[in-house]
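Step one of this worksheet: look at the structure below.
The values are calculated or read from the model by the stated rules, or taken from the named source; none is laboratory data. These figures come from a predicted structure and were not determined experimentally. Quick reminder, even Gly has a Cβ in these numbers, built from the backbone with ideal geometry, and neighbours come from all protein chains shown.
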Amino acid sequence: MNLAGRTAIVTGGGRGIGKAITLKLAQQGANLVIAGKTPEPLHAVVKEVEALGRKAIAVPTDVSNYDDVKKMIAQAIETFGQVDILVNNAGGSARQKMSLFCDSTEETWDYVLGTNLKGVFYTCREVVGPMLARKSGVIINIASVAGMIGTAGQADYSAAKAGVIGLTMAMAKEMAASNVRINCVSPGPTVNDAVAKKPEGFALSPVTQELFKSTGFGRFGAAEDIANLVAFLVSDEAAFITGQNYAVCGVMNLGITQYLGA
């Protein structure tokens, strides 16, 4: 999977899944534009990319702000000439404001849809024109298994990620004739820093234990599991794949109700 000479934008590239994707694409030869809200982790990842012998820039960006997105992509083009790959990874739930649908607020919905769905629209809208003109380009949207099966207490997030999946399929139909591909990757529960760094003897909450069981493997996925698939999908080896949604969640999307492992 050789990405030498190509430029990739990864939103939310400073941490977690986004960081893993950024480093994987750099390992395959790509130069990187790393976007995210918080500057410090972005600059740290730039150093890791440069250590791999690739070029990278950090561009602090709020993807829910269209002006921010326009400036970020303009800076990418000014620095590298064009954008060959876009990975829409930025997103997240409302966290402390999570609630059952009957208790949800318009403010929370606006925040979740703005970050997870409208942000994808903004970035895609800015890169797709040049890609269509060149008849070349790849977009990967990171959705969620929540957008496939729905998650109680996260109706807003589930709706936003389902929207990302639908947008991906519609865009693929419009762009295939111009050789621009777009696919979706839907992670399930994935290891975050809090879980990865838990001290010895740390007891997982009952909710986390149930999430472990729901994957069928009795564990969370790793950020690298997502990154490996993204690296394949943006490569020439996936040249005939577009409009697809790939769940990376064990069997969670299949509705397993009981963990049958040893």
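Against the definition (of a type in the set (Val, Ile, Thr) and touching a Lys or Arg at 6+ places or on another chain (Cβ under 7 Å)), how does Thr108 come out, yes or no?
Working: of a type in the set (Val, Ile, Thr): yes; touching a Lys or Arg at 6+ places or on another chain (Cβ under 7 Å): yes.
Yes, satisfied.
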- [ ] Could you list all residues from the stretch 1-38 that are in contact (Cβ under 8 Å) with a residue 60 or more places away in the chain and among the basic types (Lys, Arg)?
- [x] Arg6, Arg15, Lys19, Lys24
Open item on the list: Between Met148, Met131, which is at pLDDT below 95 and closer than 18 Å to Asn183 by Cα?
Closed with: Met148
Task: Tally, over the stretch 139-173, of residues that are out of contact with any strand residue (DSSP E or B) (no Cβ under 7 Å at 6 or more places or on another chain), within 20 Å of Ser99 (Cα to Cα) and hydrophobic (A, V, I, L, M, F, W, C) - done: 7
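Is it true that some residue in the stretch 174-184 is within 21 Å of Trp109 (Cβ to Cβ), at pLDDT 95 or above and touching a strand residue (DSSP E or B) at 6+ places or on another chain (Cβ under 6 Å)? Even if it seems obvious, please write down each step before you answer.
Pass one, the stretch 174-184, residues within 21 Å of Trp109 (Cβ to Cβ): none.
No, that holds for no residue.
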Task: Inter-residue pairs, beta-carbon under 8 Å, first free of Cβ contacts under 8 Å to residues at least 60 places away in the same chain and in the stretch 39-54, second among the hydrophobic types (A, V, I, L, M, F, W, C) and part of a loop (DSSP other than H, G, I, E, B), 6+ apart - done: Arg54/Ala30
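Would you mind listing the strands (runs of 3 or more DSSP E) fully within the stretch 4-74 where at least 2 residues are under 24 Å from Ala143 (Cα atoms), among the acidic types (Asp, Glu) and at pLDDT 95 or above?
Hits in the stretch 4-74: none.
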Open item on the list: Need pairs with beta-carbon distance below 6 Å; first residue free of Cβ contacts under 8 Å to residues at least 24 places away in the same chain and within the stretch 101-115, second among the β-branched types (Val, Ile, Thr); sequence gap 6+ or separate chains.
Closed with: none
- [ ] Look through the stretch 91-122, keep the residues that are in contact with a strand residue (DSSP E or B) (Cβ under 8 Å, 6 or more places away or on another chain) and modelled with pLDDT of 95 or more, and return whichever of them is surrounded by the most Cβ atoms within 10 Å (Cβ to Cβ).
- [x] Val120
Task: Residues that are under 21 Å from Ala231 (Cα atoms) and aromatic (Phe, Trp, Tyr), drawn from the stretch 110-140 - done: none
